[in-house]
Amino acid sequence: MSPALLDGLFWVSVVCCAIAQLFILRAVVRTLPPRSASADAPNVPMPHRAQEIAWAILPAFLLAGAFYGAWRLMHPVFTQ
């Protein structure tokens, strides 16, 4: 495969994964109930908003690290 085609596929996958992560974060933020909803079921523990958002953002950082590693493998820097 040509390097230009590989670079194009790489950036298409980066954009697709970024859009998917944005939709995941949007779903997490929209589906968390407000704190006042805990009166409905007192025995059910309420999720912590910051913790849920952090668990949605963590895979995005790991994915960014994987993309960075893949980019470095695709474009090695030779130092002498």
Exercise. Restricting attention to segment 41-69, and to residues there that are over 8 Å from the mean Cα position of the chain (by Cα) and of a type in the set (Phe, Trp, Tyr), which single residue is nearest to Gln21 (Cα to Cα)?
Worked result: Trp55
Problem set entry | segment 35-80: number of residues that are in a helix (DSSP H, G or I) and either modelled with pLDDT of 75 or more or charged (D, E, K, R) (or both) | 27
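The values are calculated or read from the model by the stated rules, or taken from the named source; none is laboratory data. In this text the structure is predicted, and so the values were computed from the model without any measurement.
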